[in-house]
Amino acid sequence: AESMASAGIVGARAFLDNDADGRFTSGDAPLENVGFSGNARTIRTRADGYALLPGATAYQSSTLKVDESTLDDPYWVSAAPGYRAVARPGRLTLVDFPVTPTGEIAGTVFLRKGDAQTAVSNVRLMLITPTGRVVSEVKSDYDGYYLFERVPPGSYQVTVDPDQMIRQRLKVGQSKAVQLSPGQNNDIRGIDLVIERLPFQEAQVAPGVLQSLPGLGQSLTGAPSQRVQP
């Protein structure tokens with residue numbers, strides 16, 4: 001139609017990315033009735049996972065972002081934060097939104113004094129990728145328990161915030177490596193950390209604990225590591 005030829009169509013496809021590769025492949029499933037926010041009009045996906053916003057003004061951008069409240073499972077998250085798509089006259093602009101099942105990582109933080117260990121609260125914990133990107137931060141509760149929620153599949157390390165380690169002269173016995181696999185039940189418990197408080201004369205040893213965590217060591221020299229919200 002002439003009215004369509006002078007405008008454009010912006011579309012989106014939502015699918016469950018079971019293998020967490022960011023692409024729609026044979027093992028993935030289209031998602032129906034997924035809503036998108038950030039538009040003048042509300043659109044929802046059909047049974048094939050597609051949603052179209054026809055009549056978009058040519059050469060003007062439209063914002064598309066998954067409304068995660070419309071997802072069937074509260075532990076699903078959109079792997080793409082959102083797109084700004086520009087409509088072209090008589091053309092379809094299509095963007096993919098992989099939706100990823102997430103998991104949880106939990107454990108307890110203990111403070112070691114001699115041969116005794118006690119649970120300790122208010123310890124800031126960081127969940128870090130192999131490249132040193134901080135994807136989530138939490139604090140331990142009154143009983144030392146902590147919980148990272150809605151964690152996408154991938155490889156991570158759990159450790160204490162380096163700023164807190166230096167400020168309070170803490171030493172972590174060993175950071176914990178955790179692997180969340182795509183398409184599996186990733187409810188991982190028992191990732192416990194043991195910390196010690198260093199004497200003043202040994203406090204300079206604490207930064208050495210961070211050498212095995214790529215990217216985080218930069219924060220010790222004034223260049224803050226990258227921190228993002230999940």
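The values are calculated or read from the model by the stated rules, or taken from the named source; none is laboratory data. No experiment lies behind these values; they were computed from the predicted model shown. Quick reminder, even Gly has a Cβ in these numbers, built from the backbone with ideal geometry, and neighbours come from all protein chains shown. Quick note on the areas: whole protein, heavy atoms, side chains included, nothing else; ligands and nucleic acids left out. Shrake-Rupley method; radii C 1.70, N 1.55, O 1.52, S 1.80 Å.
Brief remarks follow.
- Identity of the residue in the range 121-133, within 14 Å of the chain's Cα centre (by Cα) and part of a strand (DSSP E or B), that ends up surrounded by the fewest Cβ atoms within 10 Å (Cβ to Cβ): L127
- Within the range 144-196, tally of residues that are within 22 Å of D115 (Cβ to Cβ), of a type outside the set (A, V, I, L, M) and open to solvent by less than 50 Å² (accessible area, probe 1.4 Å): 1
- For the range 96-110, the count of residues that are modelled with pLDDT of 90 or more, over 26 Å from D21 (Cα atoms), open to solvent by 20 Å² or more (accessible area, probe 1.4 Å) and part of a strand (DSSP E or B) is at least one.
- Considering (1) at pLDDT 85 or above; (2) surrounded by fewer than 16 Cβ atoms within 10 Å (Cβ to Cβ); (3) more than 23 Å from D19 (Cα to Cα), the lone condition that Q226 does not fulfil carries the number (1).
- Some residue of the range 160-178 being among the hydroxyl-bearing types (S, T, Y), modelled with pLDDT of 85 or more and within 22 Å of the chain's Cα centre (by Cα): no
- Residue check for D67: closer than 24 Å to F148 by Cα and in contact with a Gly (Cβ under 6 Å, 6 or more places away or on another chain): yes
- Condition met for Y59 (within 26 Å of A14 (Cα to Cα), of a type in the set (F, W, Y), surrounded by fewer than 17 Cβ atoms within 10 Å (Cβ to Cβ) and touching a Gly at 6+ places or on another chain (Cβ under 8 Å)): no
- Selection of the range 21-51 for residues being open to solvent by 40 Å² or more (accessible area, probe 1.4 Å) and at pLDDT below 85 yields S37, G38, A40, R41, T42.
- Hey, S136 at pLDDT 90 or above and either part of a loop (DSSP other than H, G, I, E, B) or in contact with a helix residue (DSSP H, G or I) (Cβ under 7 Å, 6 or more places away or on another chain) (or both) or not: no
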